[in-house]
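Novice: Submitted below is the structure of interest, expressed as structure tokens.
What follows is calculated from the coordinates using simple rules that are stated; it is not laboratory data. A quick note: this is a predicted structure, and the numbers were derived from the prediction, not measured. Cβ coordinates were reconstructed from backbone atoms using ideal geometry, including for glycine residues, and neighbour counts include every protein chain displayed.
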Amino acid sequence: MSVTRKFRVGILGASGYTGADLVRLLLTHPNVEIALMTAERKAGMPIGDVFPHLAGYDLPDLIGLDEVEWPAVELDVVFCALPHATSQEVIKGLLHATGHSLLDEMVVETTGDLADTIPGEVKVVDLSADFRLRDTSVYAQWYGREHTAPDLQPKAIYGLPEVNREAVRKAHLVACPGCYPTAALLALIPLLKAGLISGQDIIIDAKSGVSGSGRSLKEANLFVEVAEAMHPYGVGHHRHMPEIEQELTLAAGEDVRISFTPHLVPMNRGELETIYVRLKEGATAQELKDQLAATYADEPFVSVLADDTVPATRMVRGSNRCVLNVFQDRIPGRAIVVSAIDNLVKGSSGQAIQNMNLMLGLDETTGLLQAPMFP
């Protein structure tokens, strides 16, 4: 009888929504043992006292970050689900404490190829925005503070598996994409690479459930503030804009600027993006759909819907799936691409686990084959 290898995993920031979904998904992962969970305000509490749906499982109590003795816990993977501007310091401290080879500039080339890092060293998946933007001056502009780990930034791999799968396999530090960028990039990168759409006049109308704003107490997230209403936020200056433009520019081979407006809708989870694009001369909406279908034909988590079926958040709720479709706009020369994901799963924790599986050499779908929940 074969014994399944168990990797020791730590979750930093386990008391947030993304941390809780990491725990929920990892509980059924056959190759994972959750060995460490941190939470500053909830330190000393069982996770079941914070999230009753996680009570009754064999899980360690929450502890404060300052209580962690990194070499002693002997982790294989660390998920960092901490606030922006916090992760970079914590990750740098973790790598220093474990003597990680990522800190040796001679080990990793500026291309971000981590093939030569030492096997067995801890692998880090960061769910914050701290390592997503390759240019640290852009990070400072959009996040209002200087990046404190600029030497690590070139060594981070942008963790969109459908685009960067081989680089993720070799990585020891992965920057998990934001939820809005995930839905947009899966829809647009194949079309830009194929030269079917213009990199200009891209309009992304995005809507997300309230969990996308995090679990910290905010007046704007109170039930009476969000129920029976919908509102835009970050209008004209949302922090996911440079991340989306960075990856689209890379795909197009030329500068791409987008118009992006997110909206908060009165539901717990889910994300829908309606994206308006200008077709290159001679291209058709059907060609866009065919290109997406060909690109994702063998992908386990991304699918293009049949005929005129419109993507909806109910199709992906609780799952690691992304569903797409393309429609002809009544304005000549334009098309509409619709993308739906669960912001907490494919847009965050599920994608983080997908990256972990690749980094550990496991089947990419392990622990992530839950069907969507409906109703």
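Novice: May I ask for the Rg/Rh ratio of the chain, computed from Cα atoms with Rh as the Kirkwood radius, given to two decimals?
Specialist: Dividing the radius of gyration by the Kirkwood radius yields 0.96.
Novice: Return a whole-number percent for the relative contact order of the chain, with Cα pairs under 8 Å and 6 or more residues apart as the contact set.
Specialist: With pairs under 8 Å counted, the relative contact order is 16 percent.
Novice: Let me ask something else. If each DSSP helix of 4+ residues adds -39,500 (n - 2.57) and the sum is divided by the residues in the chain, what number results at 222 nm, nearest 500 deg cm²/dmol?
Specialist: Theoretical 222 nm ellipticity from helices: -7500 deg cm²/dmol.
Novice: So if each residue of separation counts as 0.36 nm, and I subtract the Cα-Cα distance between ASP151 and ASP308, what length gain in nm does that give?
Specialist: The span from ASP151 to ASP308 would gain 51.8 nm if fully extended.
Novice: If you don't mind, there's one more thing I want to ask. Mind sorting THR136, THR148, THR313 by how few other Cβ atoms lie within 10 Å of their own Cβ, fewest first?
Specialist: Placing the least packed residue first, the sequence is THR148, THR136, THR313.
Novice: Quick one: PHE301, PHE7, PHE79, fewest Cβ neighbours within 10 Å first, how do they rank?
Specialist: Fewest-to-most ranking of PHE301, PHE7, PHE79: PHE7, PHE301, PHE79.
Novice: Continuing with the same structure: Once you keep just the Cα pairs under 8 angstrom separated by 6 or more residues, what percentage relative contact order results for region 180-345?
Specialist: Computed over region 180-345, the figure is 30 percent.
Novice: Just the ratio, please: alpha-carbon radius of gyration of region 180-345 over 2.2 N^0.38 Å, N its number of residues.
Specialist: Relative to the 2.2 N^0.38 Å estimate, region 180-345 comes out at 1.03.
Novice: Once you have the Cα-Cα distance between ASP329 and LEU103, take 0.36 nm times their residue separation minus that, and quote the gain in nm to one decimal.
Specialist: Working it through step by step, the gained length comes to 76.3 nm.
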